[in-house]
Amino acid sequence: MPSQESYNEQLLQSLRTKLLVMGAKTQQALDDAALAGLNKDLPRAAAVLDGDSDIDALENQIDEAALNILARTQPVARDLRFIMSAVRMVLDLERIGDEAVIVAEQVTLADKAAPACVERDLRDLCGRTQAMLRNALDAFQRADAPTALIVSRYDDETAQIMVNIFQKLMQAVSDRTLDPWQFMHIMLITRALDRICRRAENIAEHAYFMVEGVSLKHRRHA
């Protein structure tokens, strides 16, 4: 019969595995949504929409697993920080999945691919967003506090890309080279990517707290 310590470790490992699976599925949803947005790839957009229910189901499973561990094992120190971080992180992952769905929906609704005037900036923004989430998840998986600290700081270059896209779209509408409906679709995609970056920041903060026991909340721009 396994010892209580061994049993507790099994529960924690099961929670960790579910969290990593949810992270991988969320990353895949973002990657597919980004490719769909850049290339108007309707099959990839459909895959994002179809896969969202799996992410939602994992959120419920992780919440239940975390509550079960708290009730049965009364964790302390780093184990408790891990569980607290997991509960917070799962909410951000679920929201990222929702934002990926928004991108996919706009791809299916738009008549055309992204206009040439913002194609390069949009591609850059997608790449930065994907890298930001990937690095945040890696920092969590490896308990890498220095990387988590770097990812937790939303860089000015990414924010400037957002501004560039908006300005170029506005100019194209003003010049009547861009349909207002297409403008709306691209802006909704861009805003969704921005929110994903913010959620990736949160995940990095959770990773840092898990490792160091120090909250970065409200210190982001200190």
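The values are calculated or read from the model by the stated rules, or taken from the named source; none is laboratory data. Model, not experiment: these values are computed from the prediction. Note: ideal-geometry Cβ built from the backbone for every residue, glycine included; neighbour counts use all protein chains shown. Note: accessible area is taken over every heavy atom of the protein model, side chains too, but ligands, DNA and RNA are not part of it. Shrake-Rupley method; radii C 1.70, N 1.55, O 1.52, S 1.80 Å.
For this structure, a couple of remarks:
- Charge tally around Gln160: other residues with Cβ under 14 Å, Lys/Arg +1 each, Asp/Glu -1 each, net -3.
- Residue-normalised accessible area of the stretch 96-222, given per residue in Å² at a 1.4 Å probe: 51
- For the stretch 157-181 versus the stretch 34-108, the gap between their alpha-carbon centres in whole angstrom: 31
- Computed log₁₀ I(q)/I(0) - Debye formula, equal Cα scatterers, no solvent, the stretch 1-117, q 0.11 Å⁻¹: -0.46
- Surrounding net charge for Ala77, when Lys and Arg each add one and Asp and Glu each subtract one, Cβ distance under 15 Å: -2
- For the stretch 98-188, applying the loop criterion from DSSP together with a ceiling of 14 other beta carbons within 10 Å to the trypsin sites (Lys or Arg not before Pro) yields Lys112, Arg153, Arg176.
- Taking the chain as a Gaussian network of alpha-carbon nodes connected by springs under 10 Å, the highest mean-square fluctuation of the residues Thr158, Thr190, Thr177 belongs to Thr177.
- Cα-projected label distance for Gln74 with Arg153, points at 7 Å along beta-carbon direction, nm: 4.2
- The calculated 222 nm mean residue ellipticity attributable to helices in the chain amounts to -30000 deg cm²/dmol, summing -39500 (n - 2.57) over DSSP H runs of n ≥ 4 and dividing by all residues.
- On full extension, the segment bounded by Thr177 and Glu119 gains 19.4 nm, given 0.36 nm per residue less the C-alpha separation.
- Rounded FRET efficiency, nearest 0.05, which uses the C-beta distance separating Ala57 from Glu212 and R0 of 41 Å: 0.85
- Other residues with beta-carbon under 12 Å from the beta-carbon of Ala139 carry, at +1 per Lys or Arg and -1 per Asp or Glu, a net charge of -3.
- Cα-Cα pairs of the stretch 143-222 separated by more than 15 Å (percent): 63
- Principal-axis analysis of the Cα atoms of the chain puts helix 116-142 at an angle of about 0° to the longest axis.
- The stretch 100-193 - percent of accessible surface contributed by carbon and sulfur, probe 1.4 Å: 53
- The stretch 79-222 - convex hull of alpha carbons, volume per residue in Å³: 101
- Cα-projected label distance for Arg134 with Thr17, points at 7 Å along beta-carbon direction, nm: 2.6
- Principal axis dimensions, the stretch 68-154 - Cα atoms, whole angstrom, descending: 55, 28, 16
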